[in-house]
């Protein structure tokens, strides 16, 4: 029996799919400046966070846990209170590292390389058993056995929901009417959009959904859509997945996507920003997240990080949770002790699991709107908070490995296509050497861009620009490859040929690239710019930032081109890039350590 919190000792002061999922494993050390996050639908899928507090000396046992990001900080807090506990006479320290479920899954499938994947864990707790299922699929028939057992205890739960601004949900008949994916499909396919429900001012139906190769909420939402298409709640087969009717249903849902991404925090942070400016109803109509993320957002804390709770006011327009009438999956947060843990660490892992499932710690989970390990709702799961303790009425079963793998492959074929212009800085500073690599910043950026190209599919149109100063007459930019399909060979060749020179013409290039894609946009595609720079604007004759930002904004509800920016290296203007992305309802990514550019570039491309 563990002591209640007040009696604890004080803390010391001291997927094609496999290719795409392989890319997901590269998201190590990524930190989003604005937008980006979650694995189960909340915070950024990144390693790091506050360091765990140690209580044992060199003779103690260190138990390393890789945890999905939406619960990593909470687990770290619990670990800090636990550390110093003795198991079989030995002092135990638990160290919690945040690691995206999709990235951890592929790292484990490869055998876990600490140079690439971070500290090797003794315990893995992804957001969903689905990732454990996929791990078994990846290693089946390979050289190694699965490092996780068949059954892994749950430490907390949270069902997937379709979160909607309350007035929109009410227009659909919430809370009395049962709503599901079929209503979403009807609304997504209606050319009049919200006019179907007497609200033409809300425009088209816009859905936010993460990439299922990266994010648990995206994975569960995709699986849920396939179940809804078949009318089943279990025993989904490969034939069901590949049936024409199923594919048409899923393709219809995907048509309403705003864009994808590696995390749902992009959507929730942008929604908070829109709410602050009074335009929440025009940014997004719904986003698939864990139930707890609805509570987090409604507290003004879309990251779900306990440390930032209370830092921002609650939204003017709250979200409510729609539990799909066809059924939904739970993020069941399994606790998997890995096969390479020695006997002492396995004993420590078992003791920490017992601690996490004790009533005192379960109440801590409930304080942040998780449900208990046996799926019982806590005091925060209430109608007043936009949630329903009596839902979900139907729980879907995770498909068997080969069917889940087939779903991901099918999704890759059916997802919304993209029109993406890659814009790369080739100013002189990009020629600087990166210590310890034997390469320049531009060398690393070129390789990162090339590595990310396989994520684009045959229906995507991709183009390439370079920029510095006066690249084409007075223009600071030059087109190398126009927006077109099936051009990866040409893109790779042009990227390999980039050489550094000149200054940084940031503002004019940003506006020109935005207008270029806007003129070529398609209503049936994700229209975006990926803008990488390592510097600040150095064109004294260019447009000013104050004049640039208004030109990037569109009237509420209008279609836009989203500019995903990458701040590359310590001299990049982080604040400016964040403001550019914010103006276009996109996300800014931070690659201040040039060695992280491969992972960051991959994360950016996951938005498409």
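What the table shows:
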{"item": "Unique residue being modelled with pLDDT under 95 and within 25 Å of residue 527 (Cβ to Cβ) when the list is 412, 435", "result": "412"}
{"item": "Filtered residues of the range 345-376 (kept if under 27 Å from residue 221 (Cβ atoms) and part of a loop (DSSP other than H, G, I, E, B))", "result": "368, 369, 370, 372, 373, 374, 375, 376"}
{"item": "Odd one out for residue 79 among (1) buried (at least 22 other Cβ atoms within 10 Å of the Cβ); (2) more than 18 Å from the chain's Cα centre (by Cα); (3) closer than 27 Å to residue 322 by Cβ; (4) not assigned by TED's automatic domain parsing to the domain that holds residue 285", "result": "(3)"}
{"item": "Sole exception among (1) closer than 30 Å to residue 415 by Cα; (2) in contact with a strand residue (DSSP E or B) (Cβ under 8 Å, 6 or more places away or on another chain); (3) not in a strand (DSSP E or B) for residue 539, by number", "result": "(1)"}
{"item": "Qualifying position, being surrounded by fewer than 24 Cβ atoms within 10 Å (Cβ to Cβ) and at pLDDT 95 or above, among 172, 185, 232", "result": "172"}
{"item": "Residues of the range 553-608 classified as closer than 14 Å to residue 535 by Cα, in a loop (DSSP other than H, G, I, E, B) and either under 21 Å from the mean Cα position of the chain (by Cα) or not assigned by TED's automatic domain parsing to the domain that holds residue 527 (or both), total", "result": "2"}
{"item": "Residue identified as farther than 19 Å from residue 320 by Cβ and touching a strand residue (DSSP E or B) at 6+ places or on another chain (Cβ under 6 Å) among 210, 133, 157", "result": "157"}
{"item": "Hits in the range 393-426 - residues which are within 20 Å of residue 322 (Cα to Cα) and either crowded, with 24+ Cβ neighbours inside 10 Å or in the same structural domain as residue 523 (by TED's automatic domain parsing) (or both)", "result": "396"}
{"item": "Test: residue in the range 151-162 that is surrounded by fewer than 16 Cβ atoms within 10 Å (Cβ to Cβ), in a helix (DSSP H, G or I) and out of contact with any helix residue (DSSP H, G or I) (no Cβ under 9 Å at 6 or more places or on another chain)", "result": "no"}
{"item": "Residue match in the range 428-442 (condition: in a helix (DSSP H, G or I) and surrounded by fewer than 20 Cβ atoms within 10 Å (Cβ to Cβ))", "result": "yes"}
{"item": "Within the range 457-476, tally of residues that are touching a strand residue (DSSP E or B) at 6+ places or on another chain (Cβ under 8 Å) and either modelled with pLDDT under 95 or within 17 Å of residue 429 (Cβ to Cβ) (or both)", "result": "8"}
{"item": "Verdict on residue 250 being closer than 24 Å to residue 526 by Cα, at pLDDT 90 or above, assigned to a helix (DSSP H, G or I) and under 23 Å from the mean Cα position of the chain (by Cα)", "result": "yes"}
{"item": "Scan of the range 580-595 for residues that are surrounded by fewer than 24 Cβ atoms within 10 Å (Cβ to Cβ) and over 26 Å from residue 461 (Cα atoms), ordered by number", "result": "592, 593, 595"}
{"item": "Checking residue 167 against (1) in a helix (DSSP H, G or I); (2) crowded, with 19+ Cβ neighbours inside 10 Å; (3) modelled with pLDDT of 95 or more; (4) in contact with a helix residue (DSSP H, G or I) (Cβ under 8 Å, 6 or more places away or on another chain), the condition it does not meet", "result": "(2)"}
{"item": "Filter pass, residue 221 being over 27 Å from residue 313 (Cβ atoms), part of a helix (DSSP H, G or I) and in contact with a strand residue (DSSP E or B) (Cβ under 7 Å, 6 or more places away or on another chain)", "result": "yes"}
{"item": "Some residue of the range 323-344 being outside the structural domain of residue 89 (by TED's automatic domain parsing) and assigned to a helix (DSSP H, G or I)", "result": "no"}
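The values are calculated or read from the model by the stated rules, or taken from the named source; none is laboratory data. Treat the numbers as computed from the prediction; the structure is a model and nothing was measured. All Cβ positions, glycine included, derive from the backbone under ideal geometry; neighbour counts span all protein chains shown.
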